[in-house]
Amino acid sequence: MSGNANIVANILLGAPGSGKGTQAKRLVETFSLTHLSTGDILRDAVSKGTEIGLRAKAIMAEGKLVDDDTVNGLVFARLLDETSDVLFDGYPRTLQQAQALEDFLSSKGMALGSVVLVDVPQEVLEARVVGRRVCSNNACGAIYHLESKPPKQAGVCDLCGSPLKHRSDDTAEAFQSRMGEFHSTFQPLLGFYKHRPNFRSVDGNRAPELVFESLRHVFGERA
Ligand code: AP5
Ligand code: MG
């Protein structure tokens, strides 16, 4: 398959716990985009026990990054199958991934859309991550927080009734490792995008509703 040349790829950048997943779920509904979270794709591979999942499981639990070629391969396969514009969440994450995505998009005649950083100070991130609970039903994947967004019934997803779970990398120890990876990769990545006319940054250290309003405005600019 050669891919749909009309596809536009949008990107949400941000540290672990910055709110990419929370915001992406609303943005894709509002703007009819396909949500492509590489974390979700990899967790799905882990839960299905695929070859990639078996390799990625320990790396993810330790808060390290899966290698660029594996992640790029997963993303490009998904893009070739897409018929709607997409919103990446957690990808690209390294300069190599950003360059590979750029090359892939141009080779297929696809376009880069908005690139938006959800900017959150590091000191609030650990509590967000450690207190997060997520729906165990991958098709739902609703995101909660024990304090700021508790489910109506403890341990149960409001939307689909499935049990909630604590991600294996949502420990204080794995969070430190994830932040280490973030700090060693983020500046080159930001340098790649920050002077583009389609780059924006929004303050993610506000109530989710307010963050969403800013993002809705940014994504609305492109419509
Ligand atoms: P991934 O799943 O992408 O994790 P991440 O980037 O660390 O981001 P998170 O999912 O932790 O946070 P989020 O920004 O989505 O925040 P959320 O909305 O959930 O990646 C996991 C792993 O997979 C990586 O470590 C790596 O191993 C591998 N991987 C993935 N992509 C890769 C790639 N491209 N290359 C290599 N390896 C890759 O919110 C967090 C919490 O905060 C929730 O509880 C939520 O309720 C709460 N919250 C959200 N917004 C707010 C707000 N505004 N105010 C208060 N609380 C809020
Ligand atoms: Mg996420």
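Only residues that are of a type in the set (A, V, I, L, M, F, W, C) and either away from ligand 2 (no atom under 12 Å from the Cβ) or over 25 Å from residue 128 (Cα atoms) (or both): list them for segment 14-29, please. Listed by number, the residues that qualify are 27, 28. Looking across segment 183-209, just one residue is loosely packed, with under 13 Cβ neighbours inside 10 Å and hydrophobic (A, V, I, L, M, F, W, C), and that is 207.
Could you look through segment 83-114, keep only residues that are under 20 Å from residue 194 (Cα atoms), among the acidic types (Asp, Glu) and touching a Leu at 6+ places or on another chain (Cβ under 8 Å), and pick out the one that is farthest from ligand 1 (Cβ to nearest atom)? The residue in question is 102. Among the residues that make up segment 88-106, is at least one of them more than 16 Å from ligand 2 (Cβ to nearest atom), touching a Lys or Arg at 6+ places or on another chain (Cβ under 8 Å), on the phi > 0 side of the Ramachandran plot and not in a helix (DSSP H, G or I)? No, that holds for no residue.
Got a number for residues in segment 174-223 being touching a Phe, Trp or Tyr at 6+ places or on another chain (Cβ under 7 Å) and in a strand (DSSP E or B)?
Residues of segment 174-223 touching a Phe, Trp or Tyr at 6+ places or on another chain (Cβ under 7 Å): 193, 199, 219.
Narrowing the set further to residues that are in a strand (DSSP E or B) leaves 199.
Number of matching residues: 1.
Here is the figure for segment 136-149: residues that are within 11 Å of ligand 1 (Cβ to nearest atom), exposed (fewer than 15 other Cβ atoms within 10 Å of the Cβ) and not acidic (Asp, Glu) total 1.
With the structure loaded, tell me whether residue 32 is within 16 Å of ligand 2 (Cβ to nearest atom) and over 27 Å from residue 187 (Cα atoms) or whether it fails that test. When the stated conditions are applied, residue 32 does not pass them.
Every number here is computed from the coordinates shown, using simple stated rules; none is lab data. Remember, it's a predicted structure, so these values are computed and weren't measured experimentally. With ideal geometry, Cβ positions are generated from the backbone for all residues, glycine too; neighbour counts draw on all protein chains shown.
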